[in-house]
Amino acid sequence: GQNIDQPTEMTATEGAIVQINCTYQTSGFNGLFWYQQHAGEAPTFLSYNVLDGLEEKGRFSSFLSRSKGYSYLLLKELQMKDSASYLCAVRDRRDSSYKLIFGSGTRLLVRP
Amino acid sequence: DAGITQSPRYKITETGRQVTLMCHQTWSHSYMFWYRQDLGHGLRLIYYSAAADITDKGEVPDGYVVSRSKTENFPLTLESATRSQTSVYFCASRQQGTNEKLFFGSGTQLSVL
């Protein structure tokens, strides 16, 4: 089966940097996604990692280590609008659908 | 620029009733998915479809039925609603290809009384 773990809640200060970790166990890893979800809204795509290393996209970066089953999302220069849930999701290649399995999400609160 | 739309946005029903949640996408994406989102569980996959007339079960399919007679539509039916099916339901779609991201609809908040 699959298991995806991420912290339930985090708090950070506006302008700071925060790192949200995600660990996973899967026998058919085929990529890891991060999504952002504001309260009452749909998840929206942030980043995708399939190879080891860091992917940078503006204030957001995502890192992957396949050997450790570990990823993190790094948010720099935090803004109040970054208060949201961040969902880690793993793609499973064990069947042809390559479906996405989500972790429970990390709720980030950015304080002034 | 319609994208992927769900209806209704909110629904209240009673236990034992049948209810259908609609999902429509304008991109001609091959894959469509239904997830439910509950506190403490995150997004859990109910059913998915790889193409018209091809559907398969996800993690939590019991009590749900899907169909996909046309590529653009993927309705989800609760045949006899139960209180445990109170949840927020998200439909999603993506192109074929292993690194294609999911696009989500706005969700349907369903309450079963």
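Derivation of every value follows stated rules applied to the coordinates shown; laboratory data play no part. It should be emphasised that the depicted structure is a prediction, and the values quoted were computed from it without experimental measurement. A quick note on method: Cβ atoms are made from the backbone with ideal geometry, for glycine too, and the neighbour counts reach across all protein chains shown.
Just a few scattered comments:
- Residues in the stretch B:23-49 that are in contact (Cβ under 8 Å) with a residue 40 or more places away in the chain and of a type in the set (Gly, Ala, Ser) were compared, and the one that is farthest from the other protein chains (Cβ to nearest Cβ) is B:28.
- Some residue of the stretch A:78-97 being among the basic types (Lys, Arg), touching an Asp or Glu at 6+ places or on another chain (Cβ under 9 Å), surrounded by 15 or more Cβ atoms within 10 Å (Cβ to Cβ) and within 14 Å of chain B (Cβ to nearest Cβ): no
- Filter result for residue A:40 (within 14 Å of another protein chain (Cβ to nearest Cβ), free of Cβ contacts under 8 Å to residues at least 60 places away in the same chain and of a type in the set (Gly, Ala, Ser)): yes
- So residue A:49, is it touching a residue at least 12 places away in the same chain (Cβ under 8 Å), at the interface with chain B (Cβ under 9 Å from one of its Cβ atoms), polar (S, T, N, Q) and within 21 Å of residue B:96 (Cβ to Cβ): no
- Taking residues in the stretch B:57-86 that are within 14 Å of another protein chain (Cβ to nearest Cβ), and partners anywhere that are surrounded by fewer than 17 Cβ atoms within 10 Å (Cβ to Cβ) and of a type in the set (Asp, Glu), the pairs with Cβ atoms closer than 8 Å and at least 6 places apart or on different chains are B:68/B:53.
- Failed condition for residue B:84, given (1) surrounded by 15 or more Cβ atoms within 10 Å (Cβ to Cβ); (2) polar (S, T, N, Q); (3) more than 17 Å from residue A:41 (Cα to Cα): (1)
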